[in-house]
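Here's the structure, in structure tokens; my notes come after.
What follows draws every value from the coordinates through simple rules; no lab data is involved. Since we're looking at a predicted model, the values are computed, not measured. Quick reminder, even Gly has a Cβ in these numbers, built from the backbone with ideal geometry, and neighbours come from all protein chains shown.
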Amino acid sequence: MVFNSLTFIAFFAIVLAIHSLPLAWTIRKVNLLIASYLFYSAWNPPFVILLWISTVVDWYAAQGLVKAQKPMARRAWMLLSVIANLGMLGYFKYGGFLLANFTALLASLGVVYHAPAPDIVLPVGISFYTFATMSYTLDVYLRRALPARNFLDYALFVTFFPHLVAGPIMRPTELVPQFEQPRRAKRQQLFFGLALMTVGMFNKVVLADGFLAPVAEKIYDSDKIPGALDAWMGTLAFSGQIFCDFAGYSTIAIGVAMCLGFAMPDNFRFPYAAVGFSDFWRRWHITLSSWLRDYLYIPLGGNRHGPRRTYAALMGTMLLGGLWHGANWTFVAWGGLHGVYLSVERWLRKRFAGFRPNVWALLVFGLITYALVNITWVFFRAKSFSRAWVVLRGMAGTNAKAVPLLGTESLVVVAVIISGLVITHWLMRNRTLESVLARAPATVLSCTWAVMAFAIIATQGNGNAFIYFQF
Amino acid sequence: MAQPVPERDIPDLRWGAILFAALIMTLLMLGAWEWHWRAYGVEPSIANSDALWATQRRRIDNGEGDGATVIVGSSRLLFDLQLPVWQKLSGQRSIQLALEGTSPMFALEDLADDPNFRNGRLLVDVAPELFFSGFALRQGVLKYTRKQSPSQRIGQWLSMHFVEPYLAFDDPDYALPTVLARQEWWPARPGMHSPMPVRKLMVVMDEDRASHIWDKLEKDPAYAKLAQGIWAQHLAPSPDDPSPAQLQKTIDEQIARAAAAVAKLRKRNVQVIFVRTPSTGAYLVWEDKVFPRAKTWDVLLAKTGAPGVHFQDYPELQGFWLPEWSHLAERDAVRFTQALYAIIERDIEHRAPASIARTRSPQGE
């Protein structure tokens with residue numbers, strides 16, 4: 001079930017009403033658990049079994065970890081969790097990719113092998129909930145957290161529908177304690193939660209799907225050759241689309257959880273105002289960045305074993321982070337580019353350790369960061385390297401047979417939305433949405449809320465899935 | 001470090017009052033938006049969505065495929081064949097699977113491979129531009145149908161019962177980005193060939209996709225002229241047009257695909273009837289020039305061995321009003337349906353299939 005659908009509106013209204021009934025806390029948690037399974041199975045019922053497997057394996061693995069005395073036994077329980085989760089992820093997400101690469105490898109060696117088409121359906125959100133459940137077992141293994149006291153709280157942590165299919169990737173320590181005490185949203189929470197849901201829907205339905213996605217499609221899904229203007233505008237459109245889509249989802253998820261009385265962490269902090277790439281990753285998909293830092297970068301050595309190991313850990317983390325996004329080498333290239341950017345930035349920071357940029361220099365560095373991020377988006381959006389090169393050559397102005405692909409209206413719409421987006425990110429760079437809203441006049445807030453709600457309905461979104469569902 | 005329980009600030013404002021005011025303003029804006037489109041002539045109707053098509057396609061899977069009359073094609077048979085009239089004549093509610101801007105080939109092949117469809121009749125709309133080019137604007141509908149989730153089915157049901165029958169603006173033609181993009185103030189970009197997209201032409205009246213032309217095309221000459229102008233742009237030569245040899249290859253491929261599908265359907269006792277629906281004006285002139293009957297329609301019937309009804313062959317299929325050259329006015333669609341039914345019953349149902357079309361010469365003998 002996607003948030004931007006009539007089905008979800010009906011579902012959420014029912015869940016909210018039931019959650020507000022004066023029932024025992026355990027019963028209300030059971031209701032939320034059932035609702036979450038319904039939410040997931042409304043997409044493809046059989047795949048709820050995978051969710052159960054992931055839940056049960058990690059529950060028993062964590063229980064085993066607590067009881068195990070010997071390090072070997074503890075490691076075995078931890079590996080059970082990692083193998084079960086990565087095994088599922090590997091089969092469903094990377095099965096076809098691995099087979100295609102194996103076939104290509106054999107072909108390069110002169111061996112002709114026609115593999116049967118695997119036709120594996122990717123279960124929605126598998127990348128998110130496997131990471132969430134693994135973090136539970138890994139935290140217990142690393143003695144960062146105690147296991148949940150009861151299975152219901154733990155199962156609800158894994159399955160809680162606001163974050164289930166596309167994050168924010170929650171840690172057990174963030175959510176399980178919230179299930180231990182009765183919670184019901186106060187009026188202020190409920191209304192502010194609804195406001196956040198509206199902001200998220202506006203981002204997704206109006207900006208991402210309504211205005212920006214069609215422009216990106218005209219450049220990336222076409223077989224025609226774009227010139228510099230079209231290639232840049234198509235890529236800028238995608239930069240806006242991916243942000244509005246994913247940040248929109250996260251904002252709705254936070255709003256939904258808030259309406260039910262729960263708190264979820266920010267997943268985005270105005271990333272297009274980032275100065276440098278370490279700053280960018282502190283602002284973009286924050287819960288994934290911190291997950292990769294805690295469970296991949298640091299175990300790979302982090303920055304504790306000298307520069308070489310640090311750069312290797314950075315590159316390894318970003319390459320795997322890229323692959324996490326999708327079973328395609330273009331995603332690996334995207335992650336690799338970010339790894340290179342982070343490494344170069346790290347080197348520059350050491351080389352020019354005493355440099356303190358003024359405001360204008362910060363602005364220039366910020367714009368350079370944004371431009372370089374856009375170049376990585378080409379690999380993220382293009383379905384093949386050949387199309388990525390066509391767009392990149394277009395951005396460099398070196399496409400010989402370029403034709404205009406975007407009409408004036410598309411160019412203007414992208415220019416207006418992206419300028420507005422980037423300027424907003426810069427204005428909000430060191431602020432939070434809440435702090436700005438707290439100082440805004442009520443009339444302005446009402447009018448803005450109404451315009452957003454009207455635009456959402458008048459745009460008539462067709463229930464497009466969020467981009468990150470495929471990951 | 002374990003992540004702590006997150007804390008979220010709630011701005012200290014009168015959120016109840018803010019929400020209430022926002023709600024009132026939203027309703028006012030929506031009311032004005034609805035009023036604007038109703039004043040333009042739009043009435044609420046069922047959305048011609050992929051989900052609606054899926055409900056009709058599933059009728060075959062759910063037991064109605066044995067002995068059913070199914071319609072595949074493009075917008076012409078979708079608008080022109082009036083399901084209630086056909087039902088009155090045949091006693092059977094047909095399954096309407098025609099899709100605008102879409103060759104029926106994918107649906108024809110899908111039905112040919114579906115054992116649930118047997119002992120029935122299949123009317124295949126032949127709009128030359130689409131049928132013989134294979135262009136399929138909405139081919140994705142089949143994939144959608146096969147992968148439709150329970151959530152999408154529920155959403156379709158909710159929309160069809162609680163939204164679509166009440167809101168005129170709930171139509172893709174009047175979505176905010178579409179309305180903005182179609183404003184006349186945008187200057188044309190030099191060197192860019194971008195014909196105007198097709199405007200709203202139809203109204204879906206019922207859950208079973210019973211449709212007809214939008215009456216604005218009949219009542220508003222300026223709108224009909226706009227629609228004709230859009231067709232004229234689409235019919236004008238374009239650098240993207242295939243060469244004559246490429247086009248002929250495509251035509252041959254489409255006919256071969258149709259012949260293979262018809263052969264499969266015949267084995268399951270499904271009678272396939274091709275219908276060349278009426279067109280007129282510049283559209284017909286263009287069709288005759290680019291897709292001449294001798295190289296398309298006649299070859300199709302010969303290769304498939306299936307009967308066909310070409311509107312030019314029957315006096316009772318003449319004299320219709322097509323406000324924008326391609327689709328019948330609603331009243332004439334009723335007469336067309338009655339005449340088509342009578343022709344099929346008289347000339348095809350009781351005669352050897354392959355001989356029918358060949359016994360006719362253009363313009364009704």
Extend 7 Å from the Cα of A:Leu99 along its Cα-to-C-beta direction; within region A:328-351, residues with backbone N under 19 Å of that point are A:328-329
By its C-alpha gyration tensor, with a ≥ b ≥ c as the square roots of the eigenvalues, how is region A:21-183 shaped: rounded for a/c under 1.5, else prolate for a/b larger than b/c, else oblate?
-> oblate
Low-density loop cleavage sites - GluC sites (Glu not before Pro) in region B:4-72, where at most 16 other Cβ are within 10 Å (DSSP) = B:Glu7
Can you list the HN-Hα couplings for region B:56-67, worked out from phi with the Karplus curve (6.51, -1.76, 1.60; θ = phi - 60°), rounded to whole Hz and with x for Gly and Pro?
-> 6, 5, 5, 4, 5, 5, 8, x, 8, x, 7, x
Partner shielding of A:131-144, taken as the mean number of other chain Cβ atoms within 10 Å, equals 1
Using unit Cβ charges (K, R positive; D, E negative) and no other charged atoms, how large, in debye to the nearest 20, is the dipole of region B:57-169 about its Cα centre?
-> 300
Let me know the mean shielding of A:435-443 by other chains, meaning the per-residue number of their Cβ atoms within 10 Å of its Cβ.
-> 3
Between the modelled labels at A:Asn150 and B:Leu247 (7 Å from Cα along Cα→Cβ) the distance in nm is 7.4
Shape of region B:266-315 from its Cα gyration tensor (a ≥ b ≥ c, root eigenvalues): rounded if a/c is under 1.5, otherwise prolate when a/b > b/c, or oblate?
-> prolate
Using the Cα atoms as the points, what is the convex hull volume per residue of region B:27-158 in Å³?
-> 147
Find how much the distance from B:Arg38 to B:Asp113 grows on full extension, using 0.36 nm per residue of separation minus their present alpha carbon separation; answer in nm with one decimal.
-> 22.6 nm
If one puts a single equal scatterer on every Cα of the protein assembly as shown and applies the Debye formula without solvent, what log₁₀ I(q)/I(0) results at q = 0.08 Å⁻¹?
-> -0.83
If contacts are Cα pairs under 8 angstrom and at least 6 residues apart, what is the relative contact order of chain B in percent?
-> 22
Residue by residue, what Karplus-based ³J(HN,Hα) values in Hz, rounded to whole numbers, does region B:310-316 have, using 6.51, -1.76 and 1.60 with θ = phi - 60° and x for Gly and Pro?
-> 9, 4, 6, 8, 10, x, 6
Note down the nm distance, to one decimal, between modelled labels 7 Å out along Cα→Cβ at A:Ser419 and at B:Tyr166.
-> 4.0
HN-Hα J in Hz across region B:145-154 - Karplus 6.51, -1.76, 1.60, θ = phi - 60°, x for Gly and Pro | 4, 5, 10, 4, 8, x, 4, 5, 5, 5
Using only C-alpha positions, report the orientation-averaged shadow area of the convex hull of chain B, nm², one decimal.
-> 25.9
Over 26 Å between C-alpha atoms is what I'm after, so list which of A:Lys401/B:Lys225; B:Lys200/B:Lys264; B:Lys225/B:Lys289; B:Lys249/B:Lys289; A:Lys218/A:Lys401 land there.
-> A:Lys401/B:Lys225; B:Lys200/B:Lys264
Lys and Arg at +1, Asp and Glu at -1: add these up for the other residues within a Cβ distance under 10 Å of A:Val403 and post the number.
-> +1
The set of residues whose placed amide H lies less than 5 Å from the amide H of B:Met202, leaving out same-chain residues fewer than 5 positions away, is B:Trp214
Mind checking B:156-167 for the average number of partner chain beta-carbons within 10 Å of each residue's beta-carbon?
-> 2
So what is the relative contact order for chain A, in percent, with contacts set as C-alpha pairs under 8 Å and at least six apart?
-> 19
At what distance in angstrom do the alpha carbon centres of region B:190-223 and region A:219-254 lie from each other?
-> 30
Among the aspartates and glutamates, select those whose C-alpha is under 16 Å from the C-alpha of A:Lys29, and discard any that sit fewer than 8 residues away in the same chain.
-> A:Asp153, A:Glu180
Taking each pair of different alpha-carbon atoms in chain A once, compute 1/r for the pair, average those values, and report the inverse of that mean as the Kirkwood hydrodynamic radius in Å to one decimal.
-> 23.9
Take the alpha carbon atoms of region B:44-83, find their radius of gyration, then divide it by 2.2 N^0.38 Å using N residues; give the quotient.
-> 1.28
What is the dipole size for region B:124-216, taken about its Cα centre, with +1 at each Lys and Arg Cβ and -1 at each Asp and Glu Cβ, in debye to the nearest 20?
-> 460
Counting only residues 5 or more apart in sequence or on a different chain, those whose built amide H sits under 5 Å from that of B:Thr102 are B:Ser75, B:Leu137
Taking a ≥ b ≥ c as the square roots of the eigenvalues of the Cα gyration tensor of region A:189-470, is the shape rounded (a/c under 1.5), prolate (a/b larger than b/c) or oblate?
-> oblate
Given H placed on each backbone N at 1.01 Å, which residues far from B:Leu122 in sequence or on other chains put an amide H within less than 5 Å of it?
-> B:Val70, B:Gln271, B:Val272, B:Ile273
For region A:189-470, size of Cβ-based charge dipole, Lys and Arg +1, Asp and Glu -1, in debye | 1120
Pop out the Kirkwood hydrodynamic radius of region A:188-295 from its pairwise C-alpha distances, inverse of mean 1/r, in Å to one decimal.
-> 15.2
In whole Å, how far is the Cα centre of region A:329-347 from that of region A:398-415?
-> 28
